[in-house]
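The values are calculated or read from the model by the stated rules, or taken from the named source; none is laboratory data. Only a predicted model underlies this, so the values are computations on that prediction, with no experimental measurement involved. For neighbour counting, all protein chains shown are included, and Cβ atoms are generated from backbone atoms with ideal geometry for every residue, glycine included.
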Amino acid sequence: MDDPTARTTATYDRIAPEFAVRSENPDATFLAFRARFAAALPAGGRVADLGCGPGRDAAWFREQGFHTIGVDRSAAMAALAAARGVPVALGDLRHPPLVAGSLAGLWSAAALLHVPADETVPTLRAFHAALRPGGVLGLSTSAGDGADWEPVPHHEGLVRWFVHRDPQPLLAALTEIGFEVREHAVTSTHRTWLSIIAARDCRS
């Protein structure tokens, strides 16, 4: 099987401008979730957007006064984020290029869903390590079961790897790693989403 991460990254490099346009205006439920995450952060705190794509959310966090950095594997996506004034690093959210304990907030929307299932816990541990004690995680990912290649509409031959995670094991993993889950919800649009706000336990 093709390496799912590398092939998905190559697809995003191909579709970056179109993806930016199509994803620019999320629904009200998502906007409210993003606002609640931001409200849980200290004013002017350092926030990383892992899997930032074209920088929509990272740019919004900067507009709210946060010191924000975006991280993405796709060079084309990172370039679009940089064009919006977002400081951005080319990197993998599974191994984020961030100083341990440096973040007040870590945001990752619709990015963990491309991480292979067996790398879920190590990725969440990397998120935990990047946050300072009490730091806040905002996570949105696909809820469900299984994984598969999904074709990109209107782009013959281009696919992305999607992993759908059962909410309860994911929530249990966060608790085991050292997060306090403050809220979680499952909502539906073109797919089913699990949205979580959690804080790194001050004792962990």
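Below, the figures for the structure above:
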item	result
Subset of the range 16-44 [farther than 29 Å from A79 by Cβ, assigned to a helix (DSSP H, G or I) and either in contact with a helix residue (DSSP H, G or I) (Cβ under 6 Å, 6 or more places away or on another chain) or not hydroxyl-bearing (S, T, Y) (or both)]	A28, A32, R36, A39
Scan of the range 102-120 for residues that are farther than 20 Å from R34 by Cβ and assigned to a loop (DSSP other than H, G, I, E, B), ordered by number	S102, V115, P116
Criterion: over 16 Å from the mean Cα position of the chain (by Cα), crowded, with 19+ Cβ neighbours inside 10 Å, of a type outside the set (D, E) and modelled with pLDDT of 95 or more - qualifying residue of G144, G178	G178
Residue in the range 11-21 that is closer than 15 Å to I197 by Cα and either surrounded by 15 or more Cβ atoms within 10 Å (Cβ to Cβ) or modelled with pLDDT of 95 or more (or both) present	no
Residue within the range 88-101 that is surrounded by 23 or more Cβ atoms within 10 Å (Cβ to Cβ), touching a residue at least 60 places away in the same chain (Cβ under 8 Å), in a loop (DSSP other than H, G, I, E, B) and out of contact with any Phe, Trp or Tyr (no Cβ under 6 Å at 6 or more places or on another chain) present	no
Residue check, A76 in contact with a Lys or Arg (Cβ under 7 Å, 6 or more places away or on another chain), farther than 21 Å from L131 by Cβ, at pLDDT 95 or above and not in a loop (DSSP other than H, G, I, E, B)	no
Residue in the range 38-46 that is surrounded by 15 or more Cβ atoms within 10 Å (Cβ to Cβ), at pLDDT 95 or above and within 25 Å of A117 (Cα to Cα) present	no
Some residue of the range 57-72 being small (G, A, S) and touching a residue at least 60 places away in the same chain (Cβ under 8 Å)	no
